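Accompanying notes for the structure given below.
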Amino acid sequence: MRLSMAAILLCGSLVQGAYAQVPAPKETTAGPAPAGPQGPFRMPASERRNIADNPSWTAPQKPFRIYGDTWYVGPRGLGIFLVTAPAGDVLIDGGVPGDAPLIEANVRALGIDLHDIKWILNSHAHSDHAGGMAQLARDTGAQVIANAADAPLLERGGRDDPEYGDRFPFPPVHVARTVTDGEVLHLGDLLLTAHSTPGHTRGNTTWTWMSCEGARCLHLVDVGSLSAPGFRLIGNPKYPDVLEDFEHGFAVVAALPCDIPLAPHPGMVDFWERVAKRERGDANALVDPAGCRAYAKDARESFEAQLAKQRADAASARRP
Ligand SMILES: [Zn+2]
């Protein structure tokens with residue numbers, strides 16, 4: 001169920017031509033859109049419509065402690081995480097364009113100064129996770145750090161995506177620093193590791209770090225999206241090696257040390273069900289050492305079904 005929920009969410013919206021956006025950027029709370037290389041950002045009408053299909057992506061959610069120094073600061077439907085440390089704080093992902101004020105309000109509600117955020121990491125360069133990053137970087141002064149393979153897509157604001165083309169742009173993000181597979185970022189004592197889990201995008205990244213409560217330190221994993229919503233898996237000239245990339249991603253996620261699985265879309269790891277269980281008194285409800293493996297297995301099965309269908313369709317199209 002865990003993947004199918006996310007897949008329905010993503011694919012469902014794609015069928016209608018998008019994977020979502022904020023409401024009409026009511027010329028957003030952010031004030032005027034920043035001018036990028038292509039001029040001020042303008043959200044296409046198709047993206048505006050899609051917010052209606054994914055209202056959780058902008059739905060307020062009270063921030064809370066996940067474990068140790070890891071906090072949930074996103075809207076209800078997008079996993080956006082803050083990891084705090086004496087040397088500075090790290091934000092992972094930025095929601096859809098227009099989500100920045102909500103995320104910033106959540107950070108402040110935790111008593112944290114926005115300027116304590118030193119880095120903003122990205123899971124992947126799609127508009128539902130990178131859309132608010134330009135504004136967040138501006139408002140916090142933080143550096144954006146992203147996988148080298150996604151940096152160009154971030155810098156061009158999601159345009160010319162190998163699967164989506166120009167359908168889902170976002171305000172271009174200046175990437176101050178890039179990372180490659182296995183690279184460990186050090187912010188004082190806080191270590192965050194970038195694991196390349198490509199396929200969903202070329203630079204799709206699973207971030208891992210540890211958070212402690214007393215002497216109990218746990219592996220937290222923000223698993224990269226392993227879905228292929230609406231993707232052309234065979235013969236896409238813009239991504240000819242997409243199958244190999246997905247295979248690599250499944251294997252990486254399945255093998256990670258994983259105590260608390262988190263995800264850019266919380267439904268990918270049944271996050272809210274676990275939170276509800278914890279609220280009912282099960283203090284360990286977020287801990288699931290098999291969670292990453294289970295997610296990878298479900299994702300692989302969905303992917304293989306999707307691929308088999310595309311192969312069958314291609315074969316029948318070739319028949320006279
Ligand atoms: Zn995506």
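The values are calculated or read from the model by the stated rules, or taken from the named source; none is laboratory data. Note that this is a predicted model, so its numbers are computed, not measured. Positions of Cβ are generated from backbone atoms using ideal geometry, with glycine treated the same way; all protein chains shown enter the neighbour counts.
Has segment 306-315 got any residue that is within 18 Å of His124 (Cα to Cα) and without any contact (Cβ under 8 Å) to a residue 12 or more places away in the chain? Write out each step before concluding.
Pass one, segment 306-315, residues within 18 Å of His124 (Cα to Cα): none.
Among the residues of segment 306-315, not one is within 18 Å of His124 (Cα to Cα) and without any contact (Cβ under 8 Å) to a residue 12 or more places away in the chain, which makes the answer no.
I need a count of the residues in segment 269-308 that are closer than 26 Å to Val73 by Cα, out of contact with any Pro (no Cβ under 8 Å at 6 or more places or on another chain) and either among the charged types (D, E, K, R) or at pLDDT below 95 (or both).
Qualifying residue count, segment 269-308: 9.
Within segment 169-186, can you find the residues that are hydroxyl-bearing (Ser, Thr, Tyr) and either in contact with a Cys (Cβ under 9 Å, 6 or more places away or on another chain) or loosely packed, with under 14 Cβ neighbours inside 10 Å (or both)? Working first, answer last.
First, the residues of segment 169-186 that are hydroxyl-bearing (Ser, Thr, Tyr): 178, 180.
Scanning segment 169-186 gives a single hit, Thr180.
Can you tell which of Gly235, Gly214 is at pLDDT below 95, exposed (fewer than 15 other Cβ atoms within 10 Å of the Cβ) and either of a type in the set (Gly, Ala, Ser) or touching a strand residue (DSSP E or B) at 6+ places or on another chain (Cβ under 9 Å) (or both)?
Answer to the check: Gly235.
Would you be able to say whether some residue in segment 58-68 is part of a loop (DSSP other than H, G, I, E, B), modelled with pLDDT under 75 and small (Gly, Ala, Ser)? Write out each step before concluding.
Initial filter on segment 58-68 (part of a loop (DSSP other than H, G, I, E, B)): 59-63, 68.
From what is left, the residues that are modelled with pLDDT under 75 are none.
Looking through segment 58-68, none of the residues is part of a loop (DSSP other than H, G, I, E, B), modelled with pLDDT under 75 and small (Gly, Ala, Ser).
If a residue must be surrounded by 18 or more Cβ atoms within 10 Å (Cβ to Cβ) and charged (D, E, K, R), how many such residues does segment 44-63 contain?
Qualifying residue count, segment 44-63: 2.
Among the numbered criteria (1) over 21 Å from the mean Cα position of the chain (by Cα); (2) modelled with pLDDT of 95 or more, which one does Glu27 miss?
Glu27 satisfies all of (1) over 21 Å from the mean Cα position of the chain (by Cα); (2) modelled with pLDDT of 95 or more except (2).
When segment 81-93 is examined, which residues are found to be crowded, with 21+ Cβ neighbours inside 10 Å, in contact (Cβ under 8 Å) with a residue 60 or more places away in the chain and in contact with a helix residue (DSSP H, G or I) (Cβ under 8 Å, 6 or more places away or on another chain)?
Across segment 81-93, the qualifying residue is only Asp93.
Restricting attention to segment 129-146, which residues are in a loop (DSSP other than H, G, I, E, B) and in contact (Cβ under 8 Å) with a residue 60 or more places away in the chain? So that I can check it myself, show each step before the final result.
At the first step, the residues of segment 129-146 found to be in a loop (DSSP other than H, G, I, E, B) are 131-132, 141-142.
Matches in segment 129-146: Gly131 only.
In segment 276-296, how many are assigned to a loop (DSSP other than H, G, I, E, B) and surrounded by 21 or more Cβ atoms within 10 Å (Cβ to Cβ)?
The initial filter retains those residues of segment 276-296 that are assigned to a loop (DSSP other than H, G, I, E, B), namely 280-290.
Still in the running and surrounded by 21 or more Cβ atoms within 10 Å (Cβ to Cβ): 286.
Qualifying residue count, segment 276-296: 1.
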